[in-house]
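First the structure, in the form of structure tokens, and then the observations on it.
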Amino acid sequence: MALNQTIVGLLVRMRRAGLFDLGTARVLDLGEQNLYGNVQAGDVAEIARLLRLDDGRVAQVEAEAATLTAAVAPTFAFDLAKLLYRVVFDCTTYRAIDLNGTATAWRHDLNLPLPVTETFDVVTNFGTSEHVFDQAQLFRSIHALTRPGGLMLHAVPHQGGPDHGFYNYHPTFFHDLAAANGYRLVMLVLMSGGDKGDRLDTLKDRDAYAALIAGGAIAGDSGLFAALFRPFEERAFQPPMQGYYAGGLSERSRTAWEDRG
């Protein structure tokens, strides 16, 4: 999996908005990340400056990025991504689950229950879940891996990407997943325009998406970025029922759903 400018920009936005203030020291990637072509080694130090890290830390990041780039090791793009995570999340522990990652990744089929008992402050799903057939097991695993009060981050395809994976996702998926499990959906963004993210629409509620549909503003190539907080109280994972059938839609969203149906 690869981090692009759009996802990195949204992570920076979240940190600057204080959404990481509850702690992000322990991060688990579902799909070990590397840096995509439109995120360069020099961008990592620029992000450190943007986040107003002290001059000494910025210099340290610059030096490490330069060393990794000069080495041109087979894993340097993965190593740069880990450096970026340390800048953005300020994490001290990084783990990844990936059948095709580097030697540091746990090998595991995400269709199956995970033999992992530890939990993490942040669990990311940046372009992985659409490749996993058993969605119920995968999202049950994400729930179990995220500590109570922890953060779940998803960047997934919405429209387009023919034959990219098994699934595309819609806003109702995250609204209903949150409703079933008491998650707080703190950010839901429609990303249009491919990897450059030429257009970002924050979906404050279901009606915002209905308005974009009505205005013909849904691009053929688009994705969703979702950030959800798991509640502090311990609770078992619950599979969601779609909001339309559960009676959870406003009149506007219900009418829009019926018009599309």
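The values are calculated or read from the model by the stated rules, or taken from the named source; none is laboratory data. Quick caveat, the model's predicted, so the values are computed rather than measured. As a convention, Cβ positions derive from the backbone with ideal geometry for all residues, glycine included, and neighbour counts pool all protein chains shown.
Tally time: how many residues in segment 165-211 are among the hydroxyl-bearing types (S, T, Y), farther than 16 Å from A256 by Cβ and either free of Cβ contacts under 8 Å to residues at least 24 places away in the same chain or not in a strand (DSSP E or B) (or both)?
Selection size over segment 165-211: 4.
Answer with yes or no whether D198 is in contact with a helix residue (DSSP H, G or I) (Cβ under 7 Å, 6 or more places away or on another chain), surrounded by fewer than 21 Cβ atoms within 10 Å (Cβ to Cβ) and of a type in the set (D, E).
When the stated conditions are applied, D198 does not pass them.
For every residue, the table says whether it meets (1) under 20 Å from Y209 (Cβ atoms); (2) surrounded by 21 or more Cβ atoms within 10 Å (Cβ to Cβ).
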residue: G127; (1), (2): no, yes
residue: D134; (1), (2): no, no
residue: Q137; (1), (2): no, no
residue: I142; (1), (2): no, yes
residue: Q159; (1), (2): yes, no
residue: Y169; (1), (2): yes, no
residue: L188; (1), (2): yes, yes
residue: S192; (1), (2): yes, yes
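Select from segment 166-222 the residues that are modelled with pLDDT under 95 and of a type in the set (V, I, T) and list them in ascending order.
Once the filter is applied, which keeps residues that are modelled with pLDDT under 95 and of a type in the set (V, I, T), segment 166-222 yields I213, I218.
So in segment 68-120, with the set limited to residues that are within 19 Å of the chain's Cα centre (by Cα), in a loop (DSSP other than H, G, I, E, B) and small (G, A, S), which one is farthest from I142 (Cα to Cα)?
G101
When you scan segment 130-159, how many residues do you find that are over 23 Å from N4 (Cα atoms), in a helix (DSSP H, G or I) and not hydroxyl-bearing (S, T, Y)?
The number of residues fulfilling the criteria is 9.
Return the residues of segment 215-261 that are aliphatic (A, V, I, L, M), closer than 23 Å to Y183 by Cα and part of a loop (DSSP other than H, G, I, E, B); say none if nothing qualifies.
A236, M241, L249
List the pairs whose first member sits in segment 246-261 and is without any contact (Cβ under 8 Å) to a residue 60 or more places away in the chain, whose second member is aromatic (F, W, Y), and whose Cβ atoms are under 8 Å apart, counting only residues at least 6 apart or on separate chains?
Cβ pairs passing all conditions: L249/W257; S253/Y209; R254/Y244; W257/Y244.
Checking F20 against (1) assigned to a loop (DSSP other than H, G, I, E, B); (2) free of Cβ contacts under 8 Å to residues at least 12 places away in the same chain, which single condition isn't satisfied?
(2)
Would you please name the residue that is surrounded by the fewest Cβ atoms within 10 Å (Cβ to Cβ), looking only at residues in segment 43-67 that are among the hydrophobic types (A, V, I, L, M, F, W, C) and not in a helix (DSSP H, G or I)?
L51
Mind listing whichever residues of segment 212-238 are free of Cβ contacts under 8 Å to residues at least 40 places away in the same chain and hydrophobic (A, V, I, L, M, F, W, C)?
L212, A217, A236
Only one of (1) surrounded by fewer than 18 Cβ atoms within 10 Å (Cβ to Cβ); (2) farther than 23 Å from F232 by Cα fails for P148. Which number is that?
Result: P148 passes all but (2).
Can you name the number of the only condition in (1) over 18 Å from the mean Cα position of the chain (by Cα); (2) over 23 Å from T119 (Cβ atoms) that F232 fails?
(2)
Looking at (1) modelled with pLDDT of 90 or more; (2) loosely packed, with under 15 Cβ neighbours inside 10 Å, find the lone condition where P74 falls short.
Failed condition: (1).
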